[in-house]
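S.K.: Here's a structure for you.
The values are calculated or read from the model by the stated rules, or taken from the named source; none is laboratory data. Keep in mind that what you see is a predicted model, and the values were worked out from it rather than measured. Backbone-built Cβ (ideal geometry, glycine too); neighbour counts: all protein chains shown. The protein model used for the area step is the full one, side chains on, heavy atoms only, and it has no ligands, DNA or RNA in it. Shrake-Rupley method; radii C 1.70, N 1.55, O 1.52, S 1.80 Å.
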There are 2 protein chains.
Amino acid sequence: MLYFEDFTPGRRFGYRPKAVRPADIVAFASDFDPQPMHLDEEAGRRSILGGLSASGWHTSAIGMRMMIDAFLGRSASQGSPGIDFMDWKKPVLAGDVLSGFSLVMESRPSTSRPGIGFVKFRNELTNQSGETVGVSEGSIMFRRRDRGMRP
Amino acid sequence: MLYFEDFTPGRRFGYRPKAVRPADIVAFASDFDPQPMHLDEEAGRRSILGGLSASGWHTSAIGMRMMIDAFLGRSASQGSPGIDFMDWKKPVLAGDVLSGFSLVMESRPSTSRPGIGFVKFRNELTNQSGETVGVSEGSIMFRRRDRGMRP
């Protein structure tokens, strides 16, 4: 189990590669972002994205799942107050295989809640050609090991 | 159809209210953010979020859908290069009813692609108690009306 104290600046967590299937792109878009280039191959080709492409929010959600599988799922995470920025640098196209990492940038104990601390991460996603498709930075709250189980 | 030219600074698009059902929270979390407070009512109550609460990425995706239904679905949107920030200010709990708006902050034609322009929005989500639960700012690309259909 990873606690606040384990997230020392410079520590890096690599993601396992994950394929983005056309059906997943369409399913997410149907619920949350039903724009033509996220729903239809031909509409995607006609758009500036160049093919059936994942909603940016889908790309972000996939990145979240990759973080969970890489380290967050075995941590004392207490959620996140937000993200500092999220750049969707290149389209994520149907069939792409994403990989990436989260890097600890800084950490600080909470002043208002002594049981938790904030850890700031930089998160990067790349496709199978080595192109960076997504970059974000944001903080996650973790319980502190030395303060017991309750925040 | 709304084009780049229609997004004048100060223009405001209100969202239709949308209920966040427990089953939706659990389904999204199972796919993308399987942390206990997003999967289980009791685990949520024990967390600092205070109940079964939507993943922040789910809240963001719901906000995206509310934008689509409010105006983006009838626009010449060409996608987004990213978001400047996203604050998840309060937990979104099962049963919450969200409303909100997008406000045009600024707009500029693309220098590299004469057929499109960038519009920066501020987007806010509130719950049924009038509490702001999410705030974000980011840009969306739109085709320009006077440049024809192809970017």
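S.K.: Take the residues in the range B:40-61 that are more than 7 Å from chain A (Cβ to nearest Cβ) and of a type in the set (A, V, I, L, M); name whichever of them is surrounded by the most Cβ atoms within 10 Å (Cβ to Cβ).
M.R.: By that ranking, first place goes to B:Ala54.
S.K.: Go over the candidates B:Ile83, B:Ile25, B:Ile116 one by one and state the one that is aliphatic (A, V, I, L, M), more than 9 Å from chain A (Cβ to nearest Cβ) and closer than 26 Å to A:Trp88 by Cα. Before you say what the answer is, go through the steps one by one.
M.R.: On the way: B:Ile83 fails: more than 9 Å from chain A (Cβ to nearest Cβ); B:Ile116 fails: more than 9 Å from chain A (Cβ to nearest Cβ).
Just one listed residue meets the conditions, B:Ile25.
S.K.: State the number of residues belonging to the range B:69-80 that are free of Cβ contacts under 8 Å to residues at least 60 places away in the same chain and within 11 Å of chain A (Cβ to nearest Cβ). Steps first, please.
M.R.: Here is the first cut: in the range B:69-80, the residues free of Cβ contacts under 8 Å to residues at least 60 places away in the same chain are B:69-70, B:73.
Going one step further and asking which of them are within 11 Å of chain A (Cβ to nearest Cβ), we end up with B:69, B:73.
Summing the residues that are free of Cβ contacts under 8 Å to residues at least 60 places away in the same chain and within 11 Å of chain A (Cβ to nearest Cβ) in the range B:69-80 gives 2.
S.K.: Among the residues of the range A:81-92, count how many are touching a residue at least 60 places away in the same chain (Cβ under 8 Å) and surrounded by fewer than 21 Cβ atoms within 10 Å (Cβ to Cβ).
M.R.: As a first pass, look at the range A:81-92 and keep what is touching a residue at least 60 places away in the same chain (Cβ under 8 Å): A:81, A:92.
Narrowing further to those that are surrounded by fewer than 21 Cβ atoms within 10 Å (Cβ to Cβ): A:81.
Of the residues in the range A:81-92, 1 are touching a residue at least 60 places away in the same chain (Cβ under 8 Å) and surrounded by fewer than 21 Cβ atoms within 10 Å (Cβ to Cβ).
S.K.: Against the condition touching a residue at least 40 places away in the same chain (Cβ under 8 Å), out of contact with any His (no Cβ under 7 Å at 6 or more places or on another chain) and of a type outside the set (S, T, N, Q), how does B:Phe142 come out, does it pass?
M.R.: yes
S.K.: Sticking with this one: In the range A:95-119, which residues are assigned to a loop (DSSP other than H, G, I, E, B), open to solvent by less than 40 Å² (accessible area, probe 1.4 Å) and over 24 Å from B:Gly138 (Cβ atoms)?
M.R.: Here is the first cut: in the range A:95-119, the residues assigned to a loop (DSSP other than H, G, I, E, B) are A:95-96, A:110-115.
So of that shortlist, the ones also open to solvent by less than 40 Å² (accessible area, probe 1.4 Å) come out as A:96, A:110, A:115.
Within the range A:95-119, A:Ser110, A:Gly115 meet the criteria.
S.K.: Yes or no: A:Ala76 at pLDDT 95 or above, within 18 Å of A:Arg145 (Cα to Cα) and in contact with a Lys or Arg (Cβ under 8 Å, 6 or more places away or on another chain)? Show your work before the answer.
M.R.: On the way: at pLDDT 95 or above: yes; within 18 Å of A:Arg145 (Cα to Cα): yes; in contact with a Lys or Arg (Cβ under 8 Å, 6 or more places away or on another chain): yes.
So A:Ala76 fits the description; yes.
S.K.: Against the conditions (1) closer than 26 Å to A:Thr132 by Cα; (2) more than 8 Å from every other protein chain (Cβ to nearest Cβ); (3) in contact with a helix residue (DSSP H, G or I) (Cβ under 9 Å, 6 or more places away or on another chain), where does B:Leu93 fall short? Just the number, please.
M.R.: (1)
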